1. Which condition does S238 not pass, out of (1) in contact (Cβ under 8 Å) with a residue 12 or more places away in the chain; (2) within 14 Å of the ligand (Cβ to nearest atom); (3) surrounded by fewer than 24 Cβ atoms within 10 Å (Cβ to Cβ); (4) not in a loop (DSSP other than H, G, I, E, B), if it passes all the others?
2. Only one residue in E100, E93, E136 is of a type in the set (D, E, K, R) and not in a helix (DSSP H, G or I). Which one?
3. Looking only at the stretch 176-197, decide whether some residue is assigned by TED's automatic domain parsing to the domain that holds D84 and within 18 Å of R246 (Cβ to Cβ).
4. Considering only residues that are touching a helix residue (DSSP H, G or I) at 6+ places or on another chain (Cβ under 9 Å) and hydroxyl-bearing (S, T, Y), which ones fall in the stretch 236-274?
5. Restricting attention to the stretch 254-269, does a residue exist that is within 16 Å of the ligand (Cβ to nearest atom) and charged (D, E, K, R)?
6. Determine whether G281 is outside the structural domain of R68 (by TED's automatic domain parsing) and either within 11 Å of the ligand (Cβ to nearest atom) or at pLDDT 95 or above (or both).
7. What is the number of the single condition among (1) surrounded by fewer than 19 Cβ atoms within 10 Å (Cβ to Cβ); (2) out of contact with any strand residue (DSSP E or B) (no Cβ under 8 Å at 6 or more places or on another chain); (3) closer than 25 Å to S379 by Cα that D266 does not meet?
8. Would you check which residues across the stretch 190-217 are more than 14 Å from the ligand (Cβ to nearest atom), part of a loop (DSSP other than H, G, I, E, B) and surrounded by fewer than 22 Cβ atoms within 10 Å (Cβ to Cβ) and list them?
Amino acid sequence: MTQVQELLNFVNGQWQSSGAGEALDVLNPATGGAIATVGLSPAAEVDAAVQAGLGAYADWRETPVVDRVQPLFNLKMLLEEHLDDIGQTLTNECGKTFVESVGELRRGIENVEVACGTPSLMQGWNNEDIARGIDEHMIRQPLGVVAAITPFNFPGMIPLWFLPYAVATGNCFILKPSEKVPMTTQKLFSLIEEAGFPPGVVQLVNGGADTVNAILDHPDIRAISFVGSTAVAKYVYSRATANGKRAQCQGGAKNPVVIMPDANIDSTTQMMGDSAFGCAGQRCLAVSVAVTVGEAKDPFTEGIADLAASRKVGYGMDEATEMGPVITSESKARIEGLIEDGAREGARVLVDGRQKSVSGYDDGYWVFPTVLDAVDPSSQIARTEIFGPVLSLMHADTIDDAIALINDRSVSAYGNMACLFTSSGATARQFRHEADAGNIGINIGVAAPMAFFPFSGWNESFFGDLHAQSRHGIEFYTQTKVVVERWPQEWSRKF
Ligand code: NAD
């Protein structure tokens, strides 16, 4: 029997076994084989991390911000150096292709780079003589110990939407990664250990739902950042805020694209293939509904069906692979069940990705690209986040009809992203103005905001007000203090 790696918590600068005794296997979704085990930390282990964080906080918040960002510069260099190694781990536990894994890590590194600018980003405001002889300043101060809870689909990027901003602003940070993909995080933390943060400033606590509850109920954790499905995002937001914490909770998605007859159909089809089937459709910014307008219908339908049928599916480390497996056998069964439901509700299965296999990987969780045509907007499949490589096609006669369709909250309650393909500036402007989503792509298939901008999901895709990344991250992790001061000359000794 091959021994698999036991993953550890990183608490107070030390690697520690989880004392819970309860552990899960981490599986390679391309083979179905166990590659590690991860402990499920109980409340006592969460508390140990919080106590270490509180212990480190007093000194960390007094450390000048220019010094606090130095370990982030180190972390950036270490991440660059270990990119391929972490990318390979990411592919093996998450399933995506190696190119996608490295691409994801690059977007994570971008956040480390942006947070290195915290000395500027954290500056306050002031007015001299806001009243005669009175000056007023707003300064930003950290909160204390904060925590993030992250999903399975971007283990190399999403922790970095939060961690760099939290610590650069002077907080101590605890990460609870997805129990499905904890290996990438373990590698990330081995670099964090090297980067030079004092013990207790950045900590890793593995676990599942009970660990999350312990975090949400801990009185000394001041803020919660969450990314995951809408049901859990809503739950985490409610419980965290009921416990008096700040919370920013990003949820699921069902992202539409509108394709106009004046779009370049070949490029649009290519970009839609990458958006719908990239990362096996397990991206919160994957397009999952394509609405063609007028004459765009036939050429796009034909093009996307050909592309879906020819996409090379396999193990993510094989160079020829264009799409990997989905994350678990449960996920595969759920996606295949939803395709079946869609067909039962009247959709035409143009390309069917069910019951497929990959030679040499018989136990992998394979769902091939699937295209459902003539999906009824009122059907369940039109509303449900599938989170797999399935694209639904709908049709509208005009741009107004298409916008009305994608904005109809009874069709989709989400608002993570909406995209448009066109060569008309006027249509683009109308779409940008009217589409009811927080991230908009114009002739872009995955409108993922760069780290300099907030990741702006709306509606059921986000609960809170300040989003991840950029200045929003800085604001989320700091509290403002306003100082009003008067220094009358006559009260001071003159020298
Ligand atoms: P998930 O909601 O199942 O899990 C996310 C995190 O919550 C994990 O750390 C998990 O341990 C924890 N969790 C799960 N169930 C819980 C429960 N009942 N109580 C407390 N904690 C619980 O999500 P997932 O399957 O890991 O990730 C996929 C989902 O994340 C999709 O819906 C996707 O759209 C969404 N997502 C959203 C964004 C975004 O930016 N909006 C980004 C990535 C992923």
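The values are calculated or read from the model by the stated rules, or taken from the named source; none is laboratory data. Owing to the predicted nature of the structure, the values given are computational and were not obtained by experimental measurement. Because the Cβ atoms are built from the backbone with ideal geometry, glycine has one as well, and the counts that use them run over all protein chains shown.
1. Every listed condition holds for S238 apart from (1).
2. Working: E100 fails: not in a helix (DSSP H, G or I); E93 fails: not in a helix (DSSP H, G or I).
None of the other options fit; the residue is E136.
3. Step one: of the stretch 176-197, the residues assigned by TED's automatic domain parsing to the domain that holds D84 are 176-197.
Going one step further and asking which of them are within 18 Å of R246 (Cβ to Cβ), we end up with 176.
Yes; the residues of the stretch 176-197 include at least one that is assigned by TED's automatic domain parsing to the domain that holds D84 and within 18 Å of R246 (Cβ to Cβ).
4. T268, T269
5. Of the residues in the stretch 254-269, the ones within 16 Å of the ligand (Cβ to nearest atom) are 254-256.
Add one more test, that the residue is charged (D, E, K, R), and what stays is 254.
Yes, because at least one residue in the stretch 254-269 is within 16 Å of the ligand (Cβ to nearest atom) and charged (D, E, K, R).
6. For G281, the condition - outside the structural domain of R68 (by TED's automatic domain parsing) and either within 11 Å of the ligand (Cβ to nearest atom) or at pLDDT 95 or above (or both) - is met.
7. It fails just one condition, (3).
8. Step one: list which residues in the stretch 190-217 are more than 14 Å from the ligand (Cβ to nearest atom), which gives 190-203.
Now restrict to residues that are part of a loop (DSSP other than H, G, I, E, B): 196-201.
Selection gives G196, P198, P199.
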